Amino acid sequence: MAANETRMLLLGAVAMFEPVNGYQIRRELISWQVDQWAHVNPGSIYHGLSRLTEQGHLSRHDLVDGQREVAVYEVTEAGRVELDRMLVDALETVDPYDRAAFTAAFGMLPLLRRGQVLASLKKRRVALEGAVADFVRGREDPANGPPHARRGWVLWLDLAVSELAWLRETIDDIASGELRFERTEDWGWTPPPDDPGWQMEFDREKYRALLGR
């Protein structure tokens, strides 16, 4: 995953849980196994948060929480604009060989409105239909290599066809309201009792109080 997608993950994680401290962001991203599918080095997360703060996309608040000092982050207005742009771009851009950016953006759907998600996924569907057509033509074109090499195109074709079927069903479920993800909606899901999110929600309210919110 490129640096831009790593920035999107960090900004998105802060936006989902803000105000939030760096340790919580690191723990949350590790729980998403970003080191495996997104190739994000857990050791680079703190540096990434500092860099985003320097760029004006995050604001850092140094608070005193009981007996300890803690750095708490929030997304700035400029950061929200940048995050929205990156999420939309990741949802709409088709790369049949690397779906990490799309996977990250889809996991952060609650940061977008339903209308925007539908519009972006419909654009992705059109682009993916084009990719499927290209793979169909390419598997028979001698210019793309010998038969064993073109056989590899069949694998990419099958994967693209499967994604297209999934995408069409997902669009239908979002349009009908069956798939709920907006923050104001009841998702029909409750985190298990040991989910770290409960503690993060408790800390969020504590940080808000410390910030005078």
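Take the residues in segment 135-155 that are of a type outside the set (G, A, S) and open to solvent by 80 Å² or more (accessible area, probe 1.4 Å); name whichever of them is nearest to the chain's Cα centre (by Cα).
L155
Can you confirm whether segment 55-66 contains a residue that is of a type in the set (G, A, S), touching a helix residue (DSSP H, G or I) at 6+ places or on another chain (Cβ under 9 Å) and at positive phi?
Yes.
Residues that are small (G, A, S) and in contact (Cβ under 8 Å) with a residue 24 or more places away in the chain: list the helices (runs of 4 or more DSSP H) wholly contained in segment 22-125 that include at least 3 such residues.
Answer list for segment 22-125: 100-107.
For segment 91-102, indicate whether the set of residues that are farther than 27 Å from V14 by Cα and either open to solvent by less than 20 Å² (accessible area, probe 1.4 Å) or within 21 Å of the chain's Cα centre (by Cα) (or both) is non-empty.
yes
Go through the residues of segment 66-73 one by one and say whether even a single one is under 25 Å from A101 (Cβ atoms) and aliphatic (A, V, I, L, M).
No, segment 66-73 contains no residue that is under 25 Å from A101 (Cβ atoms) and aliphatic (A, V, I, L, M).
Taking the conditions exactly as written (modelled with pLDDT of 90 or more, within 19 Å of the chain's Cα centre (by Cα) and closer than 23 Å to K123 by Cα), does R168 satisfy them or not?
no
Which of the residues that make up segment 161-213 are of a type in the set (D, E), out of contact with any helix residue (DSSP H, G or I) (no Cβ under 9 Å at 6 or more places or on another chain) and part of a helix (DSSP H, G or I)?
E169, D172, D173, E205 - these are the residues of segment 161-213 that are of a type in the set (D, E), out of contact with any helix residue (DSSP H, G or I) (no Cβ under 9 Å at 6 or more places or on another chain) and part of a helix (DSSP H, G or I).
Is it the case, given these coordinates, that L159 is touching a residue at least 12 places away in the same chain (Cβ under 8 Å), of a type in the set (A, V, I, L, M, F, W, C) and within 30 Å of V70 (Cα to Cα)?
No.
For segment 157-213, name all the residues that are open to solvent by less than 30 Å² (accessible area, probe 1.4 Å), over 28 Å from Q116 (Cβ atoms) and among the acidic types (D, E).
Residue satisfying the conditions is D203 alone.
Scan V70, V132, V136 and give me the residue that is modelled with pLDDT under 95 and in contact with a strand residue (DSSP E or B) (Cβ under 8 Å, 6 or more places away or on another chain).
V70
Every residue, every condition in (1) under 23 Å from R85 (Cα atoms); (2) buried (at least 18 other Cβ atoms within 10 Å of the Cβ), yes or no:
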{"site": "A13", "(1), (2)": "yes, yes"}
{"site": "I25", "(1), (2)": "yes, yes"}
{"site": "W37", "(1), (2)": "yes, no"}
{"site": "G43", "(1), (2)": "no, no"}
{"site": "Q55", "(1), (2)": "yes, no"}
{"site": "Q67", "(1), (2)": "no, no"}
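The values are calculated or read from the model by the stated rules, or taken from the named source; none is laboratory data. Since the model is a prediction, treat every value here as computed from it, not as a measurement. Reconstructed Cβ throughout: ideal geometry from the backbone, glycine too, with neighbour counts over all protein chains shown. These accessible areas exclude ligands, DNA and RNA; they are computed on the full protein's heavy atoms, side chains included. Shrake-Rupley method; radii C 1.70, N 1.55, O 1.52, S 1.80 Å.
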